[in-house]
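Peer 1: Here you go, one structure.
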Amino acid sequence: MNIRATLRMVALASVFGLLAQSSFGQAMPESANIPQPHLAKARADAFGENGWKFPALITCYPNEGQSAEKVIKDPGPAKAADNLYFLGDGIVAAWAVDTSDGIILIDTMNNQAEADKYIIGGLRQLGVDPARIKTIIVSHGHGDHYGGARYLQDKYGAKLYMTALDYDLAEKSVGRSTVWGPPPRRDQVASDGQTVTLGDEGIKLFITAGHTPASLSMLIPVKDKGQARTLLYLGGITNKNLSPQMHAAYDGWTTRLLQVSAAAKPEGIIGNHSSYDEAATKIDKLRAMPDKPNPFFVGVDNSLRYLRVLKECNLNNAAIEKGGH
Ligand SMILES: [Zn+2]
């Protein structure tokens, strides 16, 4: 290596060292002031046109000065595409996919009161009969996603899908939160590669472990202005403070979904927290400019870039948590 290259390496190292020390604060592990090649790769993919930045980058240490838990203004219920409804509160999201035979609901908010307000009330506000909820898919076994499930199962007799490991996780979490409703009643055990069908809709499930032992991600066919398009739904995005095994599993699914997406060509990514998919911001844009292209569809290339950022952030975080290697 010549002198100039060596100097450049030293300069880069100090830049990353400064970044790591200044923007993460006390929780930053000691070893983080060394160069982070995965962070560099994530950053290279994370910046779009006009300074727009993929929110996936906030999963990396350091967190780019933005908290993943930041409070976002509740956008209210919204139609995100012809047959896709957003029913969240700006922090946590539930989504409803409208089919020829009823509704497939993805996630159920924290508890009965929130399910009443955001899901049942939200659908009514949008002119959709909530009694059409026939199928529920719970992305993972954390109470902010399953908490309203038992109530909706009982009220509408809806069929519910969750993975076996995450049913276990949900049942183990009883008593850990005063906010979360009870775990869902055990019903269908979701499996990897399964397609959940209702009427004219088929949602393909992928087990994407890491955030929990068996979170679910999905390919969701939707219609936008009458045109058939596909969205990729990610059921567990955060990748900090995981065991080495869960970091490895996360790396496995990001690699796999990159391959799957190269073929399935999703044109946008949604998830269950607005801080990661910017749903609240996109809904505001959609309302302000309904005749412009739908902001939920950012294109196949940008969807792949988003996945690459998650992949590199996970590798970055795994290295930092392990001790910098
Ligand atoms: Zn979670």
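Peer 1: Consider Ala170 carefully, then state whether it is at pLDDT 95 or above, away from the ligand (no atom under 16 Å from the Cβ) and part of a helix (DSSP H, G or I).
Peer 2: When the stated conditions are applied, Ala170 does not pass them.
Peer 1: Filter the stretch 259-289 down to residues that are of a type in the set (Ser, Thr, Tyr) and within 16 Å of the ligand (Cβ to nearest atom), then give me how many there are.
Peer 2: Result for the stretch 259-289: 3.
Peer 1: Can you name the condition, by its number, that Gly127 falls short on among (1) over 15 Å from the mean Cα position of the chain (by Cα); (2) at positive phi; (3) in contact (Cβ under 8 Å) with a residue 40 or more places away in the chain?
Peer 2: So the condition that Gly127 fails would be (3).
Peer 1: Looking at the stretch 195-219, which of its residues are more than 16 Å from the ligand (Cβ to nearest atom) and in contact with a Ser or Thr (Cβ under 8 Å, 6 or more places away or on another chain)?
Peer 2: Residues satisfying the conditions are Val196, Leu198, Gly199, Asp200, Glu201, Gly202, Ile203, Lys204, Leu205, Phe206, Leu219.
Peer 1: To continue, here is another question. What about Thr238, is it assigned to a loop (DSSP other than H, G, I, E, B) and either among the hydroxyl-bearing types (Ser, Thr, Tyr) or touching a helix residue (DSSP H, G or I) at 6+ places or on another chain (Cβ under 7 Å) (or both)?
Peer 2: yes
Peer 1: Related question: Given the criterion farther than 25 Å from Thr197 by Cβ and either within 16 Å of the ligand (Cβ to nearest atom) or touching a strand residue (DSSP E or B) at 6+ places or on another chain (Cβ under 6 Å) (or both), identify the matching residue among Ile133, Ile91, Ile104.
Peer 2: Testing whether each residue is farther than 25 Å from Thr197 by Cβ and either within 16 Å of the ligand (Cβ to nearest atom) or touching a strand residue (DSSP E or B) at 6+ places or on another chain (Cβ under 6 Å) (or both) leaves just Ile91.
Peer 1: Please verify whether the stretch 240-248 includes one or more residues that are closer than 20 Å to Val298 by Cα, hydroxyl-bearing (Ser, Thr, Tyr) and either without any contact (Cβ under 8 Å) to a residue 12 or more places away in the chain or more than 12 Å from the ligand (Cβ to nearest atom) (or both).
Peer 2: No, the stretch 240-248 has no match at all.
Peer 1: Answer yes if at least one residue in the stretch 279-290 is in contact with a helix residue (DSSP H, G or I) (Cβ under 6 Å, 6 or more places away or on another chain) and crowded, with 23+ Cβ neighbours inside 10 Å, and no otherwise.
Peer 2: Checking the stretch 279-290: not a single residue is in contact with a helix residue (DSSP H, G or I) (Cβ under 6 Å, 6 or more places away or on another chain) and crowded, with 23+ Cβ neighbours inside 10 Å.
Peer 1: Within the stretch 298-313, how many residues turn out to be surrounded by 22 or more Cβ atoms within 10 Å (Cβ to Cβ) and more than 15 Å from the chain's Cα centre (by Cα)?
Peer 2: Residues meeting the conditions: 1.
Peer 1: Right, another one. Go through (1) within 25 Å of Leu105 (Cα to Cα); (2) at pLDDT below 95 for Lys322 and report which single condition fails.
Peer 2: (1) is the only condition that Lys322 fails.
Peer 1: Can you name the number of the only condition in (1) out of contact with any helix residue (DSSP H, G or I) (no Cβ under 8 Å at 6 or more places or on another chain); (2) farther than 20 Å from Gln153 by Cβ that Leu165 fails?
Peer 2: (2)
Peer 1: State whether one or more residues within the stretch 231-247 are hydrophobic (A, V, I, L, M, F, W, C) and either over 22 Å from Pro213 (Cα atoms) or touching a Pro at 6+ places or on another chain (Cβ under 6 Å) (or both).
Peer 2: yes
Peer 1: Still on this structure, I have one more. Could you list, in sequence order, the residues of the stretch 147-162 that are assigned to a helix (DSSP H, G or I), of a type in the set (Ser, Thr, Tyr) and either within 10 Å of the ligand (Cβ to nearest atom) or more than 17 Å from Val174 (Cα to Cα) (or both)?
Peer 2: Answer for the stretch 147-162, where residues must be assigned to a helix (DSSP H, G or I), of a type in the set (Ser, Thr, Tyr) and either within 10 Å of the ligand (Cβ to nearest atom) or more than 17 Å from Val174 (Cα to Cα) (or both): just Tyr156.
Peer 1: Only residues in the stretch 192-219 that are part of a loop (DSSP other than H, G, I, E, B) and modelled with pLDDT of 95 or more count as the first member; pair them with residues that are β-branched (Val, Ile, Thr) and away from the ligand (no atom under 16 Å from the Cβ), Cβ under 8 angstrom, at least 6 apart or cross-chain, and list the lot.
Peer 2: Going by the 8 Å Cβ cut-off, the qualifying pairs are Gly199/Thr99; Asp200/Thr99.
Peer 1: Which one is nearest to Asn314 (Cα to Cα), of the residues in the stretch 265-280 that are outside any strand (DSSP E or B) and in contact (Cβ under 8 Å) with a residue 60 or more places away in the chain?
Peer 2: Tyr276
Peer 1: Residue check: is Ala96 part of a helix (DSSP H, G or I) and either more than 16 Å from the ligand (Cβ to nearest atom) or of a type in the set (A, V, I, L, M) (or both)?
Peer 2: no
Peer 1: Now, a different point. Out of all the residues in the stretch 220-239, which are polar (S, T, N, Q), away from the ligand (no atom under 12 Å from the Cβ) and either without any contact (Cβ under 8 Å) to a residue 12 or more places away in the chain or closer than 19 Å to Gly143 by Cα (or both)?
Peer 2: If the condition is that a residue be polar (S, T, N, Q), away from the ligand (no atom under 12 Å from the Cβ) and either without any contact (Cβ under 8 Å) to a residue 12 or more places away in the chain or closer than 19 Å to Gly143 by Cα (or both), then Gln227 is the only one that fits.
The values are calculated or read from the model by the stated rules, or taken from the named source; none is laboratory data. Since the model is a prediction, treat every value here as computed from it, not as a measurement. Cβ coordinates were reconstructed from backbone atoms using ideal geometry, including for glycine residues, and neighbour counts include every protein chain displayed.
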